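Single-structure report; data block below.
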Ligand code: F3S
């Protein structure tokens, strides 16, 4: 792997231990994946923010990084944490968990990372441009920016994205290279317009194609549909990038004739939904995976307007603080049904201490709730979920 003189000096420890460790990690990843060198990045997005997922080991690791004096060199944002920073008691979170979670956020903040704690920073304070090289973790977000925006990132893990943020560079391999961004399977989709069917489409495709790059025909997703598809494809398979004919910026570059074609219609959508549903009643309905956008907040508020909650089932709406602060009228309506939570989500929060059956309209959440949160799952369209509480 070719390093510049300056990069080699960092690797040799001439700029201090913190940047040396970051360079060691980025170079090790580059060597494993055959990178020829490093490439400058314009932003990073970091996962590994919830105390539930990183535990005391992760907290100690972050303390070490901070002690080494490391700061990020490029604008960097943070993924959801295990609780709303202001309303964690409403989430049944213990004071011990809250104390450690707040320490984690503070450590990230002291490295210069924006602690907005959302998995949709591309709708708020971290918006890459077409062709930008970035280092993003969070499987749904990185797939969205690769695909819908045309920025370039690999499927980074939390430590790799943090190291890249500290250096302002990452190893130049995989999806940073033009030649690796071409589609290798066509998906002929014949589905309805709802957000939920787009999530199920992502689920059906992810299961079938693993880590291939699909080229979709037959859909025209907006931001909300693309983010839910990206999330489901990444969870059901490990898709890090997709193209949509007539929609995503790089789709027109490719001649897809001769590629294998997979058809996804109502039969496949129904099959995907049936496999994810393991329960008929729920204790918690959690919406906002990935985090709710302004448009989704308006849609949910208009579905709930004038209605009354008639059951004990708890309802959580998960979004970013930025969106919550912007949608004050919607929040007033939604809060009649349950808290509009910022900074967090149903998967990275410690819900398993309180609930065992959760409803969601996100196939990504439905994939992870059983394994990461010991939940049985109801995975349905939002209108069906809301019938449970009305
Ligand atoms: Fe975001 Fe949590 Fe879903 S991080 S994509 S809301 S699992």
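Descriptive notes on the structure:
- If the condition is being touching a residue at least 40 places away in the same chain (Cβ under 8 Å) and closer than 24 Å to residue 289 by Cα, then segment 111-123 contributes 113, 116, 117, 118, 119, 120, 121, 123.
- Matching option when the condition is free of Cβ contacts under 8 Å to residues at least 40 places away in the same chain and more than 22 Å from the chain's Cα centre (by Cα), among 384, 352: 384
- From the options 248, 278, residue that is surrounded by 19 or more Cβ atoms within 10 Å (Cβ to Cβ) and touching a strand residue (DSSP E or B) at 6+ places or on another chain (Cβ under 9 Å): 248
- Take the conditions (1) surrounded by 24 or more Cβ atoms within 10 Å (Cβ to Cβ); (2) in contact with a helix residue (DSSP H, G or I) (Cβ under 8 Å, 6 or more places away or on another chain); (3) under 23 Å from residue 62 (Cβ atoms); residue 116 misses just one of them, which is (1).
- Residue tally, condition in contact with a helix residue (DSSP H, G or I) (Cβ under 9 Å, 6 or more places away or on another chain) and not in a loop (DSSP other than H, G, I, E, B), over segment 179-207: 17
- Restricting 390, 375, 380 to those that are closer than 17 Å to residue 202 by Cα and more than 10 Å from the ligand (Cβ to nearest atom) reduces the list to 380.
- Verdict on residue 28 being touching a strand residue (DSSP E or B) at 6+ places or on another chain (Cβ under 8 Å), over 23 Å from residue 346 (Cβ atoms) and away from the ligand (no atom under 15 Å from the Cβ): no
Per-residue answers, yes or no, for (1) in contact (Cβ under 8 Å) with a residue 40 or more places away in the chain; (2) within 16 Å of the ligand (Cβ to nearest atom); (3) crowded, with 19+ Cβ neighbours inside 10 Å:
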| position | (1), (2), (3) |
| --- | --- |
| 38 | yes, no, yes |
| 42 | yes, no, no |
| 47 | yes, yes, yes |
| 53 | yes, yes, no |
| 57 | no, no, no |
| 73 | yes, no, no |
| 82 | yes, yes, yes |
| 106 | no, no, no |
| 109 | no, no, no |
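- Number of positions in segment 130-144 that are away from the ligand (no atom under 13 Å from the Cβ) and in contact with a helix residue (DSSP H, G or I) (Cβ under 7 Å, 6 or more places away or on another chain): 4
- Applying the criterion of being farther than 26 Å from residue 80 by Cβ and part of a strand (DSSP E or B) to the residues of segment 261-291, the residue that is nearest to the ligand (Cβ to nearest atom) is 264.
Every number here is computed from the coordinates shown, using simple stated rules; none is lab data. Note that the structure is a prediction, hence the values are computed from the model and not measured. Note that we place each Cβ from the backbone using ideal geometry, even for glycine, and neighbour counts take in every protein chain shown.
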